[in-house]
Amino acid sequence: MNRKILDADTLARKELRKAISKNLEGVLLVLPRGRDHCLVVQKAVWRGKKRLDIRTYYSRADQEWAATKKGASLRMDEIRAFRKALRAAESGF
């Protein structure tokens, strides 16, 4: 029974990622957040600098995905510290 739920969840994530990736470049991860929101991690370039963008997206009425103001953009030199913080959080739970 749990296997079917996991399979449906995996399929939904793949479809969501496909829909978002169609309109966005550099998508690395899509995590659903309810029916019409998701968290997107993507490679980006802003003002000529490479960044890692972590942002909430929502599904508009026209079925296209759009970014909200909620999110963060990390410079490449900040990613190592962020990764270290994630490992600490993961091992602390």
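The values are calculated or read from the model by the stated rules, or taken from the named source; none is laboratory data. Here the structure is a predicted model, which means the values were calculated and not measured. Every residue, glycine as well, gets a Cβ built from its backbone with ideal geometry; the counts of neighbours run over all protein chains shown. Note: accessible area is taken over every heavy atom of the protein model, side chains too, but ligands, DNA and RNA are not part of it. Shrake-Rupley method; radii C 1.70, N 1.55, O 1.52, S 1.80 Å.
Place a point 7 Å from Cα of H37 in the direction of its Cβ. Which residues in the range 58-81 have their backbone N less than 16 Å from it?
Label zone hits: 58-61, 65-72.
Once neighbouring chains are kept in place and the probe is 1.4 Å, which whole percent of the accessible area of the range 43-93 is contributed by carbon and sulfur?
Values: 2360 of 4330 Å².
The nonpolar share, carbon plus sulfur, comes to 54 percent.
From Cα coordinates alone, what are the radius of gyration and Dmax values for the range 21-93 in angstrom?
Over the range 21-93's Cα set, Rg and Dmax evaluate to 13.7, 42 Å.
Can you give me the solvent accessible area of E64 with a 1.4 Å probe, rounded to the nearest 10 Å²?
In the full protein context, E64 sits at about 60 Å².
Could you please put W65, W46 in sequence from largest to smallest accessible area, using a 1.4 Å probe? It would help to have the intermediate numbers written out before the result.
On the way: W65 50, W46 140 Å².
Largest accessible area first, the residues go W46, W65.
For K50 and A89, FRET efficiency with R0 = 25 Å and r from the beta-carbon atoms, rounded to 0.05? Provide the component values of the computation, followed by the final result.
Details: r = 24 Å, r/R0 = 0.98.
Efficiency at R0 = 25 Å is approximately 0.55.
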